Amino acid sequence: MPRKTAKSLSANRSALSHRVGYALRDPARVVPRLRRSARDRWLSLKHPDHVAYYRAVMTSDTARNPEAAVGSRSHDRWLALGQMQFDCLTEHGLRSEHRMLDIGCGNLRAGRYFIEYVAPGHYYGIDIPPEILVSAKETVTRYALQERLPHLTITQNLTLGILPDGYFDVVHARSVFSHSPIGIIDECLAHVGRVLAPGGYFDFTFDRTEGVEHQVLREDFYYRTDTLIRLAEKRGLTARFMEDWETRPHGQSKIRVTAPGQRA
């Protein structure tokens, strides 16, 4: 995947001019985009609530291909992105004794590496569609991870109410905020500090723009870095942009959040 450029970071993908240019550059992708737009309209009518809407999107995508549902166009890409996420977290502080919460764990693209690495019972994965968690359990079986005792749980929101205070050393959310309106991101930031252990941190990816913040359909949201950093600070958290994550071929940006008094 190409590195971010000034042009890509300033693009407004919801603008008509961008959509026309997209069609002219790659006509073969027009029909899939029209199908996606039609599905968006239908599911938006059925599910005014965003979580219910995106659960329906993931259910639809998972039925076709669970690996594509989590953003991987091929099995090789699924493997590579999982390895990349694991490598980044281990390079930035994840240790085998840590307790880890994986928000939006999907079908364990990265989770399988985390499950194998941390101590048995120390991995907790949550997601919103039951179908993707069924696929996650199939991944556990396929890679013989049963003895690592991963916890895989469905969730209705990001209040994390079922989880204990001060428990997790590492909280991770890949490709969650890129599909979330600002209210849901704020909901997560309002509660994540409670579940972080002393010295713990929360790493999340997002789709970054340096132009106008915008969304494409109800699926993809683009935010400025300072918007999310200020949102975290409003919730009493410390946040910093992880510049080295930008050097990896994945297409998203990353922020690390810590609770007050902890190092970012």
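The values are calculated or read from the model by the stated rules, or taken from the named source; none is laboratory data. Owing to the predicted nature of the structure, the values given are computational and were not obtained by experimental measurement. Glycine also receives a Cβ, built like all others from the backbone with ideal geometry; neighbour counts cover every protein chain displayed. With ligands, DNA and RNA removed, areas are computed over all heavy atoms of the protein, side chains included. Shrake-Rupley method; radii C 1.70, N 1.55, O 1.52, S 1.80 Å.
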Roughly how big is the chain's charge dipole about its Cα centre, with Cβ charges of +1 (Lys, Arg) and -1 (Asp, Glu), in debye to the nearest 20?
860
Evaluate the distance, in nm, between pseudo-label points positioned 7 Å from the Cα of Arg36 and of Thr59 along their respective Cα→Cβ axes.
2.1
Choice from Leu145, Leu228, Leu45 showing the highest fluctuation, given a GNM over the chain with Cα pairs closer than 10 Å
Leu45
Subtract the Cα-Cα distance of Leu149 and Ala28 from 0.36 nm times their separation in residues, and report this length gain in nm to one decimal.
39.2 nm
Among Ala11, Ala68, Ala144, which one moves the most in a GNM of the chain with springs linking Cα atoms closer than 10 Å?
Ala144
Thr225-Glu91 pseudo-label distance in nm [points 7 Å out on the Cα-to-Cβ vector]:
1.7
Go ahead and set up a Gaussian network model of the chain, Cα springs under 10 Å, then flag whichever of Cys188, Cys88, Cys105 fluctuates most.
Cys88
At what distance in nm do the modelled label points of Arg142 and Glu233 sit from each other, each positioned 7 Å from its Cα along Cα→Cβ?
4.3
So how do Arg230, Arg240 rank on accessible area, 1.4 Å probe, biggest first, that is with the largest at the start?
Arg230, Arg240
Give, as a single signed number, the net charge of other residues whose beta carbon lies under 12 Å from the beta carbon of Gly161, with Lys and Arg counted +1 and Asp and Glu -1.
-1
D (µm²/s, integer) via Stokes-Einstein for the range 94-227, Kirkwood Rh across alpha-carbon pairs, 10 °C, 1.306 mPa s: value 103
Report, in degrees rounded to the nearest 10, the 0 to 90 angle that the Cα long axis of helix 30-46 makes with the longest principal axis of the chain.
70
Pick out, from Ile184, Phe202, Ala173, the residue whose Cα sits farthest towards the positive end of the charge dipole of the range 173-264, with +1 on the Cβ of Lys and Arg and -1 on the Cβ of Asp and Glu.
Phe202
Nearest 0.05, what FRET efficiency do Arg73 and Thr5 give at R0 = 22 Å with Cβ-Cβ as r?
0.55
What three numbers, in Å, describe the spread of the alpha carbons of the range 153-238 along their principal axes, ordered from the longest?
37, 28, 18
Using only the alpha-carbon atoms of the chain, report the extent along each of the three principal axes, biggest first, to the nearest angstrom.
51, 39, 35
If I ignore ligands, DNA and RNA and count only protein heavy atoms, how much of Val31 is accessible to a 1.4 Å probe, in Å² to the nearest 10?
80
